[in-house]
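*Asks:* One structure follows; several queries about it will come next.
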Amino acid sequence: MLNDQTDKKQTTPGFHKLFHFDKFQNEEQEMLKRLGREWYLTNSGSEVAIGLSKYRYFLMKPTLIFSEMFNIEREILCVFSSYESFEPRTLDAFEHAANQIPNLRLENVCRVLISKDEKIEEKIVSLLKVDPEQPIVIPFSYSELSQQYDDYFIRNRFRKHFYTRDLFSFLSPLKKDLYFFGRSELIQDIVNRHRSEEHTALFGLRKSGKTSIIFAIERFMATHEGQTINIDCESPSVHMLRWNELLHVVAQIFKEKYNTSYEISNSKNYTEKRAAALFERDMLGIFESHKQLTLLIFDEIERISPKTGSSVHWREGDDFVYFWQTLRFFFQKHSNVFTYMLVGTNPYCVETPMFGLHDNPLFSSIPFQYVPSFDVAKTREMIRKLGKYMGLKFDEIIFGKLTEDFGGHPFLIRQFCSIINSLAIGDRPVVVDKALYEKAKTQFLMDAKHYVDMVIQVLREWYKDEYDMLMFLANNDMSVFDAFAKEGNYYTNHLIGYGLINKSNNGYSFNIESVKEYLIQKHKYEKQEITPEKKLQEINERRISLEQDLRKIIRNQLKSKYGKKEALQKLLSSLPENRRIALASKDVDEILEPGSSPLYFLDLVNIINREWEVFKNIFEIDKNKLAFMLDEINTLRKDAHSNHISDDDFSELRLYFKKLESMLENWL
């Protein structure tokens, strides 16, 4: 029975008394009546025009079964598209319609599109793969809603598009607010500093959310009559400029931003001697036309910083000093024109007092902070909300475990929850309990290399000391770690700021277990404090692994060069006569089977020496040097078994293993 609905707490199917059917075409009216058997239709909306195309929209509110199943409570925006072919711009109709409705009324994560295109579902799925930040769109064709359907058709279509979409698996920076969580206080703090004519700097590792935060600041400022300019220092069009050329570009961007008629000086006049004075004059001339304080954001600041700059004049020259001397001098005289915000990986550029013979103009003049980790409350907000839309109900204990196991790192938390989503079998909603969590954790640790490498790659490439400290801590080489730490808190402050480690009265420990496991696995043969027994274990492990890799390489190269039959003859001719007879009945694959080959280590060395022309491009070193390294490995292995290997010999052995493993890696 269709009811007029006024009690929001007891939503039942029907129509609001002011819902006007006559706004819709006859076939659309029939569809609406069918929808009214399961939903409460609240508002008949109006028509929106996008170019020459026109769309009609309406609002409907979920009844109890839909509300509980999909965690939706507010009204859903629904659009009719009466065109035979769907175009991506059709989705713009939702934004136009939403602008006519108070935002608090609408469910912003979900929308319904009803189209005359018979392939609408296929096209929507394809489109959302390209633009994953779009809200969930539930597609129906006119023909589907015009015919009779059972009580499960609508909810199954919702289930299909809610539960098959992974809202955790975002890898790119978030450009919209819809799936952006936990940073409102940080953004408000940065904006308030700007409004108070104060600079700021924000640092964090890759995938810590820096770029998403920049986008959020830009959105916030745009909706609160603020102005931002974002300069991406990673672009060659920025870092390849000299300091005086970049000043001219900044002035040009300001001019274009405010569309002023003021004519700035020609770039040729921005010489090293005149650039600072011309910059001041041009910026003031532009400012007269708009009189607005602007937030000037320098993203990837390390690309134009000493030691890490992408171009040599920033990396090794004085361009950084002269550029920031100019901006700082200008700000000291005209603080109402702009403030600047530096965003990057490492605070080296603001905490180093001198660069070469020059004072650092940014030292002690700009407060900086790290991208903060999520606490349990923020983890809960993000995971609970996204999980419910996907049919995942997390036990309360899980939010604390997520925060603890992943150090409050939102990217790693989301990627881990994506694995949970893939493992959650059965009809949704599914309860995520401790058992499912532990199952997902096992898989995550197996796959963690990919995720963790994204996070700490920049440390390994640019900030070797911090990376080495993490490696020492992971390998429990505490005497080496403590030696670094006692030199000052420079490095440990960075690692604590990144949220990778923490410090207590009992010492240092990892915040993120998966980072520790990754480093242990990656650098398990670089541990400094090691017993004779562990030395022997390492030598045996690496020698066995090397031997198996050599068998694969020899097998593949000989077969590739000679073919299977002749490869066997070449192999046998490298062996002593008594060994040839014993192996003559076997084929080359059997003899060089990595896990069960009858050949000895020295046999493999002899084969490589005899067929050097086949292998020389693999090893990239002199034949005699390779023979020496392999002989040393064989000899020192025997010394280790007798506990006679010295620390120097062991270090030398490690170098040989590392060199050979690196050369063979690309051929396996």
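The values are calculated or read from the model by the stated rules, or taken from the named source; none is laboratory data. This is a predicted model, so every value here is computed, not measured. Quick reminder, even Gly has a Cβ in these numbers, built from the backbone with ideal geometry, and neighbours come from all protein chains shown. The protein model used for the area step is the full one, side chains on, heavy atoms only, and it has no ligands, DNA or RNA in it. Shrake-Rupley method; radii C 1.70, N 1.55, O 1.52, S 1.80 Å.
*Asks:* Out of all DSSP beta bridges with both ends in the stretch 1-138, state the antiparallel percent to the nearest 5.
*Replies:* Taking every DSSP beta bridge with both residues in the stretch 1-138, the antiparallel ones total about 50 percent.
*Asks:* Follow-up question, since we're still on this one. How big is the stretch 407-535 by Rg and Dmax over its Cα atoms, in Å?
*Replies:* Spelled out, the Cα radius of gyration and Dmax of the stretch 407-535 are 17.0, 57 Å.
*Asks:* Now for a different question. Between residue 75 and residues 5 or more places away or on another chain, which pairs have amide H atoms under 5 Å apart, with H built 1.01 Å from N, and which residues are they?
*Replies:* So residue 75 has HN proximity to 107.
*Asks:* Which residue, chosen from 138, 583, 467, occupies the Cα position most advanced towards the positive end of the dipole of the chain, where the dipole is computed from +1 (Lys, Arg) and -1 (Asp, Glu) charges on Cβ about the Cα centre?
*Replies:* After comparing all options, I get 138.
*Asks:* Write down the accessible area per residue of the chain in Å², having rolled a 1.4 Å probe over the full set of protein chains.
*Replies:* 48 Å²
*Asks:* Could you calculate the FRET efficiency of residue 20 with residue 334 from 1/(1 + (r/R0)^6), where r is the beta carbon distance between them and R0 is 56 Å, rounded to 0.05?
*Replies:* Efficiency, rounded to the nearest 0.05: 0.45.
*Asks:* While we're looking at this one, here's another question. Which of the aspartates and glutamates could a cross-linker bridge to residue 273, judged by Cα under 18 Å and excluding same-chain residues fewer than eight apart?
*Replies:* Reachable aspartates and glutamates: 245, 282, 318, 319.
*Asks:* Please compute the length gained on full extension between residue 384 and residue 524, using 0.36 nm multiplied by the number of residues separating them and subtracting their Cα-Cα distance.
*Replies:* Length gained, residue 384 through residue 524: 46.7 nm.
*Asks:* Follow-up. List the residues, sorted by chain then number, that are 5 or more residues from residue 228 or on another chain and whose placed amide H is less than 5 Å from its amide H.
*Replies:* Amide H neighbours of residue 228: 295.
*Asks:* Please compute, over every Cα-Cα pair in the stretch 324-428, the percentage with a separation greater than 25 angstrom.
*Replies:* The proportion of pairs with Cα distances above 25 Å equals 49 percent.
*Asks:* Then there's this: Express the carbon and sulfur contribution to the solvent-accessible surface of the chain as a percent, rounded to the nearest whole number, probe 1.4 angstrom.
*Replies:* Its accessible area is 48 percent carbon and sulfur atoms.
*Asks:* Further, regarding this structure: Let me know the Rg and Dmax you get for the stretch 283-384 when you use only its Cα atoms, in Å.
*Replies:* Final numbers for Rg and Dmax: 17.0, 54 Å.
*Asks:* Now for a separate question. From the alpha carbon gyration tensor of the stretch 70-142, can you work out the equivalent ellipsoid semi-axes (sqrt of 5 times each eigenvalue) and give them in Å, largest to smallest?
*Replies:* 20, 14, 11
*Asks:* Moving on. Enter the angle in degrees (range 0 to 90, nearest 10) between the Cα long axis of helix 647-665 and the first principal axis of the Cα atoms of the chain, meaning the one along which they spread out most.
*Replies:* The angle comes out at about 60 degrees.
*Asks:* In addition: Would you mind listing how long the stretch 66-205 runs along its three principal axes, going by Cα atoms, in whole Å with the largest first?
*Replies:* The Cα atoms of the stretch 66-205 stretch 63, 28, 27 Å along their principal axes.
*Asks:* If you take the Cα atoms of the stretch 349-400, find Rg, then find the Kirkwood Rh from the mean of 1/r over all pairs, what is Rg/Rh?
*Replies:* 1.44
*Asks:* Amide H to amide H, which residues 5 or more places from residue 431 or on other chains are under 5 Å from it, using H placed in the peptide plane?
*Replies:* 393
*Asks:* Hey, what do the phi angles of the stretch 135-150 turn into as Karplus ³J(HN,Hα) couplings, whole Hz, using 6.51/-1.76/1.60 and θ = phi - 60°, x for Gly and Pro?
*Replies:* Rounded to whole hertz, the list is x, 5, 10, 9, x, 9, 8, 4, 5, 5, 8, 8, 9, 5, 9, 7.
*Asks:* OK, next. So what's Rg/Rh here for the chain, counting alpha carbon atoms and using the Kirkwood radius for Rh?
*Replies:* Across the chain, the Cα-based Rg/Rh ratio is 1.07.
*Asks:* With a point put 7 Å past each Cα toward its Cβ, work out how far residue 496 is from residue 573 in nm, to one decimal.
*Replies:* Each label point is offset 7 Å from its Cα along the Cβ direction, giving 6.8 nm.
*Asks:* While we're looking at this one, here's another question. Which of 269, 285, 224 sits closest to the plus end of the dipole of the stretch 167-302, meaning its Cα is farthest towards the positive end, when Lys and Arg get +1 and Asp and Glu get -1 on the C-beta?
*Replies:* Toward the positive end, the furthest listed residue is 224.
*Asks:* A further question on this structure: Counting Lys and Arg as +1 and Asp and Glu as -1, each charge on the Cβ, what is the dipole of the chain about the Cα centre in debye, to the nearest 20?
*Replies:* For the chain, the charge dipole is close to 860 debye.
*Asks:* List, in the order given, every pair from 119/176; 33/116; 129/439; 561/586; 552/586 whose Cα-Cα distance in the structure shown is over 25 Å.
*Replies:* Listed pairs above 25 Å: 119/176; 129/439.
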